[in-house]
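Since every read-out is calculated from the coordinates, none of them should be taken as a lab result. For clarity, every value in this text was computed on a predicted model and none was experimentally measured. So basically every Cβ, Gly included, is an ideal-geometry build from the backbone, and we count neighbours across all protein chains shown.
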Amino acid sequence: MTYRKARSPGRRILDRQGGSVTLQIVISGRGGQGAQLAGNLLAMAFFAEGREVQCFATYGGARRGTPVSSFIRVDDRPIRVRCDIEQADALLCFDASLLAGKFLASARPGALIVVNSSRPRGEFASELPGYRVLPVDGLAIAQRNGLGRIVNSALLGAFARALESPALDTLSRTIADAAPKSGQENSQACLEGYRAIGEQLQRAAA
């Protein structure tokens, strides 16, 4: 699925030379965790900010517990490439047990990885030294906000903060519109995930 819209005057995705470059994202989880829904919501939020967006998924049979992935490309210009993403700039992982093999093989060296985990950042730094790993306890955030095991909103908020895009208000509004019956709970979970990563980044910079 490709979303197309006129360019936005907002923050551009830039490479080191100042030219537009495609941001490539992989979201991975297990069937029933909501990884594919998260991919759709993130794509919609980028589109709402005027970006060109391409979103597609692999289903793996879509059985509960089976690994599934969502793939997103974001740019300010039309996206013409149609191949799989093999060198992702950023990854969002719903299940830390997937941080191996095929999933990591889809990431470029030094890629950003936001993972749903209560483990400290230092453990991931030791285990995966070639990546920038930011853990967030999405389950705890979801449960605090009455969402049970539905971690989409918390993880998307965390991911947006790590990427510095899309804007929190855009993402929160997109999430709330998709789940009107629990919009407030999901928006708050998104905010908590966003703040959790913000606090990590502040500590790392201190």
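For n ≥ 4 DSSP H runs only, could you compute -39500 (n - 2.57) per run for the chain, divide by its residues and tell me the 222 nm figure to the nearest 500?
Roughly -11500 deg cm²/dmol at 222 nm, from the helical runs in the chain.
Over segment 135-206, what is the mean sequence separation of C-alpha contacts under 8 Å (at least six apart), divided by residue count, expressed as relative contact order in percent?
Normalised by residue count, the contact order of segment 135-206 is 37 percent.
Starting from the alpha-carbon convex hull of segment 2-205, give the projected area averaged over all orientations, in nm².
Over all viewing directions, segment 2-205 projects a mean Cα-hull area of 11.2 nm².
Considering the chain as a Gaussian network with a 10 Å cut-off on Cα pairs, which listed residue, 21, 114, 81, attains the greatest mean-square fluctuation?
Most flexible of the set in this elastic network: 81.
Residues of segment 17-56 with the amide nitrogen closer than 20 Å to a label point 7 Å from the Cα of residue 96, along Cα-to-Cβ, please.
Under cut-off, by backbone N: 27-31, 33-35.
Within segment 158-175, find all residues whose amide N lies under 12 Å from a label point positioned 7 Å from the Cα of residue 201 along Cα-to-beta-carbon.
Under 12 Å, as judged by backbone N against the label point of residue 201, lie 158-168 of segment 158-175.
Taking only C-alpha pairs under 8 Å that are 6+ residues apart, what is the relative contact order of segment 2-205 in percent?
18
Mind sorting 170, 66 by how few other Cβ atoms lie within 10 Å of their own Cβ, fewest first?
66, 170
Which trypsin sites (Lys or Arg not before Pro) from segment 64-106 combine a DSSP loop assignment with at most 10 other Cβ atoms within 10 Å?
64, 80, 82
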